[in-house]
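All remarks here apply to the structure that follows.
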Amino acid sequence: VQLQASGGGLVEPGGSLRLSCASSGSIFSIGDMAWYRQAPGKERELVASITESGRINYADSVKGRFTISRDRAKNTVYLQMSSLKPEDTAVYYCAARRTSQTPYVYWGQGTQVTVSS
């Protein structure tokens, strides 16, 4: 399984960005997908996840501002980010796993999101 993340960039506080993560290869083995982020000097943290059945989970820090979605026909997961704050600045990674009982073992390369005026 290969994951290719895109859509990062520089945005002003209050702005929006949409990240995309396209999957290829043995996509039949993908169940859940997620977005993580890692800010400088901090540990990687879960931002949002979506299960194979469509159940969604968000970190408290992004609830009401970020939306994760999945287009199975395009084998792509999205992260729509709105009302961005400087503390959202990080490298964002998409991840995938076979089931909710297994770890995320497939990772994309990361895309930089910088929120600054």
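Tabulated data
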read-out	value
Criterion: small (G, A, S), open to solvent by 30 Å² or more (accessible area, probe 1.4 Å), out of contact with any Ser or Thr (no Cβ under 7 Å at 6 or more places or on another chain) and more than 14 Å from G110 (Cα to Cα) - qualifying residue of G25, G15	G25
Residue in region 60-80 that is in contact with a helix residue (DSSP H, G or I) (Cβ under 8 Å, 6 or more places away or on another chain), open to solvent by 30 Å² or more (accessible area, probe 1.4 Å), free of Cβ contacts under 8 Å to residues at least 60 places away in the same chain and more than 24 Å from V1 (Cα to Cα) present	yes
Filtered residue count, region 37-76, keeping only those that are of a type in the set (A, V, I, L, M, F, W, C), part of a strand (DSSP E or B), out of contact with any Leu (no Cβ under 9 Å at 6 or more places or on another chain) and closer than 17 Å to Q109 by Cα	1
Scan of region 28-44 for residues that are loosely packed, with under 13 Cβ neighbours inside 10 Å and more than 16 Å from K74 (Cα to Cα), ordered by number	P40, G41, K42, E43
Members of region 81-108 found to be among the small types (G, A, S) and buried (at least 19 other Cβ atoms within 10 Å of the Cβ), listed by number	A90, A95, A96, G108
Lone qualifier among T89, T67, T76 - being at pLDDT below 95 and of a type in the set (S, T, Y)	T76
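The values are calculated or read from the model by the stated rules, or taken from the named source; none is laboratory data. Just so it is clear, the structure is predicted and the values come from calculations on it, not from any experiment. For neighbour counting, all protein chains shown are included, and Cβ atoms are generated from backbone atoms with ideal geometry for every residue, glycine included. Accessible surface is based on the protein model in full, side chains and every heavy atom, while ligands, DNA and RNA are left aside. Shrake-Rupley method; radii C 1.70, N 1.55, O 1.52, S 1.80 Å.
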